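Encoded as structure tokens, the structure appears first; notes follow it.
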Amino acid sequence: MSEPDAAKTATPVAESPYEALDRVAHAGFARAVSGLSPSVLAEAWMDWAVHLATSPGKQLKLAEQALRNAQAVWSAGLGLYQSETDPAPDRRFASEHWQKYPFNVMSQAHRLSWQWWQDAVTGVHGTTPEHENLLAFVTGLASDSLAPSNFPATNPDVIAATLEERGRNLLRGAQNLSEDVLRRMGAEPDGPHPFEVGHNLAITPGKVVLRNDLIELIQYAPTTPTVRPEPILIVPAWIMKYYILDLSAQNSLVRFLVAQGYTVFMISWKNPDAGDRAFGMDDYRRLGVMAALEAAQAITKAQKLHAVGYCLGGTLLSIAAAAMGRDGDDRLASVTLLAAQVDFTEAGPLRLFINDSEVTLIEDMMAETGYLSSDQMAGAFALLRARDLIWAPAIRDYLLGQRGQAFDLMAWNADATRMPARMHSEYLRQLFLNNDLAEGHYHVGDRAIAVSDIRTPIFAVGTEDDHVAPWKSVYKLHLFANSDVTFVLTSGGHNAGIVSEPGRENRHFRIADHRADAAYRDPGDWLAETEPADGSWWTAFAAWLDAHSGDAVEPPPLGARSGRFVALCDAPGSYVRQK
């Protein structure tokens, strides 16, 4: 069941002069507010303020808490210890310098103030929970921006370093800041790059066997004398470059799977530009998943294959697999979803900002350029963990004059991509905002699809500290699947939890099977009843794949001998190098 390779083109709609004027004005406004709709926050604030104004009990409670906090800070200044109000440990203030006066008072005042604001914007009778969560997130960001650790005059670690080095740390910090500003303006840093694609990143040997307007498909060379008859097709997210799953030699999931005796194919997405603005979600399904599936089957002559999707790639794979199930296409031997969601009602902090006003503003911003820039995407994700991804690096690089040690995952994280305007609009509206896939309203062709039409075994992975796809949101797959599900919960975050190679210390995971006809288990019950195991989930995944694969056969050729799928060039190809 092949599908056409030509990209779907949107029929242009005539635009009146008035609409054109509005579009230009909206785009300018969107740039001025960095793509964040003021009405989202204003609506939340008004809801909270009105209900707080009519809640005298809550006001008295906050006043009492403020007095207790003031007493605690005053007592700390006098050298007294107040156990009832002593905040939890905070690694921003962990050094011995922060334990001395007056910095111990500053740190305690900041933490108590942060908690007071969290209490002030939550638990207000009548306020919408979504608005409370948004205000808690925003006030947390605002409070963190004013932390005494962020300023050289109130950070004792910076003061000590400045005295010891006679200000050289601040000079190095100024140089680091200058380098970073130039890099954001497009300048290349001086000196050799510690990590480069094709040199020490994405170096698993292979060939590009398909190239179209959206993807290059890489087939990796075998390292075992025989392979399983079912190849593996990996669908990564297009929000970042594909090689998150083929980083360095020691932590490449691709290399690991090849070593287990599998023929592995990986999609490498094009980095779209203004000319690709009309590509939509269905183009990514057709030119991505379905075209790659056809190529993998043609090369290997396999009847079935294992499909693996990561993050947004997992959501796209769910859509493709559901459409295949609906249409009676049984070419999938299994489906694996890594930190991927099919229901977006609990999609983490990003969900707080998504409403019709915000999506419309993003669409206005993309209408001018044809895409969402990589800087805008990276900035949104950095806000989710501002302490670790914004303030801590700023203190280290610009105030202490140090540079964090480069590592492969950080290099990959900096290699962001753009989003075509149409695709990103459809993703935000249909999946994130309207939750169409989970609610049965998402159409492929002229008919709706349902995740329950996926009848192949499913292997799903969530990560404990995921801010992008919280594990309980990933776990909700159990509510929709109509097949056997093996669910894994692994230590780590959205990226580091997936890139968790065997041999890494301090790693653990939980794994449990759920039969299609078994009763549903609440995620809290699942967690309590599933014991953790030390090590990497990769080995459990390999064992699961083995149990769902046939007997080993001779490896297929690298690319077809002739025709559409002949080898075009060596991996990692050209699309991954696009800036």
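The values are calculated or read from the model by the stated rules, or taken from the named source; none is laboratory data. Please read all numbers here as calculations on a predicted model, not as lab measurements. Cβ atoms come from the backbone with ideal geometry, glycine included; neighbour counts cover every protein chain shown. For accessibility, only protein heavy atoms count, side chains too; no ligands or nucleic acids. Shrake-Rupley method; radii C 1.70, N 1.55, O 1.52, S 1.80 Å.
Below are the figures for this structure:
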item	result
Local net charge near Ala160, Cβ-Cβ under 11 Å (Lys/Arg +1, Asp/Glu -1)	-3
Percent carbon-and-sulfur accessible area, the chain, ignoring ligands, DNA and RNA, probe 1.4 Å	56
Potential lengthening between Ala543 and Ser145 on full extension [0.36 nm per residue; Cα-Cα distance subtracted]	138.6 nm
Extension gain from Ala49 to Asp388, taking 0.36 nm per residue of separation minus the Cα-Cα distance	119.0 nm
Rg followed by Dmax, in Å, when the chain is reduced to its Cα trace	25.8, 83
Relative contact order, percent, the chain [alpha-carbon distance under 8 Å, six or more residues apart]	19
Nonlocal amide H pairs with Ala221, under 5 Å, H built at 1.01 Å	Gly206, Lys207
Kirkwood Rh, Cα atoms: Rg over Rh of segment 238-318	0.98
Inter-label distance, nm, simple model (7 Å from Cα along the C-beta direction), Tyr520/Cys569	4.9
Nonlocal amide H pairs with Cys569, under 5 Å, H built at 1.01 Å	Val208
Within the chain, helix-based [θ] at 222 nm, where runs of 4 or more DSSP H residues each add -39,500 (n - 2.57), nearest 500	-11500 deg cm²/dmol
Gap separating the Cα centres of segment 113-162 and segment 422-486, nearest whole Å	33
Vicinal HN-Hα couplings computed from phi for segment 526-543 (Karplus, 6.51 cos²θ - 1.76 cosθ + 1.60; Hz; Gly/Pro x)	4, 5, 5, 9, 10, 6, x, 10, 6, x, 9, 5, 4, 5, 5, 5, 4, 5
DSSP bridge pairs, the chain: antiparallel proportion in percent, nearest 5	50
Sequence-separation-based contact order of segment 67-165, relative, with Cα cut under 8 Å and 6+ spacing, percent	27
³J(HN,Hα) computed for each position of segment 482-496 - Karplus, 6.51 cos²θ - 1.76 cosθ + 1.60, integer Hz, glycine/proline x	10, 9, 5, 10, 9, 10, 10, 10, 10, 5, x, x, 4, 9, 5
Packing-based ranking, highest mean first, of 141-150, 340-349 given that Cβ atoms within 10 Å are counted	340-349, 141-150
Under-5 Å amide H pairs with Val235, H placed in peptide plane, nonlocal only	Val308, Gly309, Tyr310
Contour minus Cα-Cα distance for Gln303 and Lys100 (0.36 nm per residue)	66.2 nm
Efficiency of FRET between Ala259 and Glu165 - r from beta-carbon atoms, R0 35 angstrom, step 0.05	0.15
Pairwise centroid distance, computed over Cα atoms, of segment 220-297 with segment 328-349, Å	16
Accessible solvent surface per residue of the chain, calculated while the other protein chains remain in place, 1.4 angstrom probe, Å²	46
Anchor Lys301: lysines whose Cα lies under 22 Å away (excluding residues fewer than 8 positions away in-chain)	Lys207
Signed unit charges on C-beta, dipole axis of the chain, positive-most listed residue Val468, Val485, Leu389	Leu389
For segment 325-341, Karplus couplings with θ = phi - 60° (6.51, -1.76, 1.60), whole Hz, Gly/Pro x	x, 4, 8, x, 8, 10, 7, 8, 7, 6, 10, 10, 10, 9, 6, 10, 10
Whether segment 318-425 is rounded, prolate or oblate, judged on the alpha carbon gyration tensor where a/c under 1.5 counts as rounded	prolate
Efficiency of FRET between Ala221 and Met185 - r from beta-carbon atoms, R0 51 angstrom, step 0.05	0.80
